[in-house]
């Protein structure tokens, strides 16, 4: 695979989704800017307060309404859900085996972090820290956490195995195509997005993948919609066909997850 991985973003009409935190601008990485200036929203860090070095402070109004003030409990529940997925989810176990076989093993204490995030996202991948963020205030059950981990581990897998350029819009479009293709889109989700109907089944999955990838590019890139569409279309045939490391598109309510896990050793993955 010649392309790679990065970000999922917020949409005005979509429910919360995964967002890959972008690499910081080069001058910020090198420390050549004012440290008191927060990282640009363009790179996704505005969605993750703790990624900016801030301590989350709940608002009294939301505490009284029962919406906040349980951050420590939420963190423990999130970590329990992560552990459950690591032990029981075929897709998560497959992705961890593929990462381990690629020379990038995951240490739960180092590479996965439960944090409070913006309410428009459920998770993200931070390539600067090489960490997956699970949004403890949004991904509240095992199913949602499994989706976050699978999606972000695809980004981590791409980051581990490819020479990535986070400022290359084609790379960005490609990784989001791959994540949507392997971890999210189904006929049902395509129907919900308005990308499919019973009269348009054949192209439903591809349209769903294109829509999600487009939303992700626009979320963290100061580009026009036309530029984002052109990037997605340029790389779509190659990236949509790249099913590594899962090996198949997962259908809802099917044994595809277990089949993919059982097929892992065929591709040299230690699962």
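The values are calculated or read from the model by the stated rules, or taken from the named source; none is laboratory data. Note that this is a predicted model, so its numbers are computed, not measured. No Cβ is skipped: glycine too gets one built from the backbone with ideal geometry, and neighbour counts run over all protein chains shown.
Of note:
- Hits in the range 119-149 - residues which are touching a helix residue (DSSP H, G or I) at 6+ places or on another chain (Cβ under 8 Å), buried (at least 24 other Cβ atoms within 10 Å of the Cβ) and assigned to a helix (DSSP H, G or I): 145, 149
- Among the residues of the range 55-91, those that are part of a loop (DSSP other than H, G, I, E, B) and either surrounded by 11 or more Cβ atoms within 10 Å (Cβ to Cβ) or modelled with pLDDT of 70 or more (or both) comprise 56, 58, 59, 67, 68, 69, 70, 89.
- Checking each residue in the range 70-85 for being closer than 16 Å to residue 132 by Cα and free of Cβ contacts under 8 Å to residues at least 24 places away in the same chain picks out only 80.
- Subset of the range 103-118 [assigned to a loop (DSSP other than H, G, I, E, B) and without any contact (Cβ under 8 Å) to a residue 60 or more places away in the chain]: 103, 104, 105, 106, 107
- For the range 192-230, the tally of residues that are in a helix (DSSP H, G or I) and either buried (at least 22 other Cβ atoms within 10 Å of the Cβ) or modelled with pLDDT of 80 or more (or both) stands at 23.
- Unmet criterion (only one of (1) modelled with pLDDT of 75 or more; (2) loosely packed, with under 11 Cβ neighbours inside 10 Å) for residue 31: (1)
- Residues of the range 141-152 that turn out to be under 16 Å from residue 185 (Cα atoms) and out of contact with any strand residue (DSSP E or B) (no Cβ under 7 Å at 6 or more places or on another chain), as a count: 4
- For residue 119, the conditions (1) modelled with pLDDT of 85 or more; (2) closer than 23 Å to residue 155 by Cα; (3) out of contact with any strand residue (DSSP E or B) (no Cβ under 8 Å at 6 or more places or on another chain) all hold with the exception of (1).
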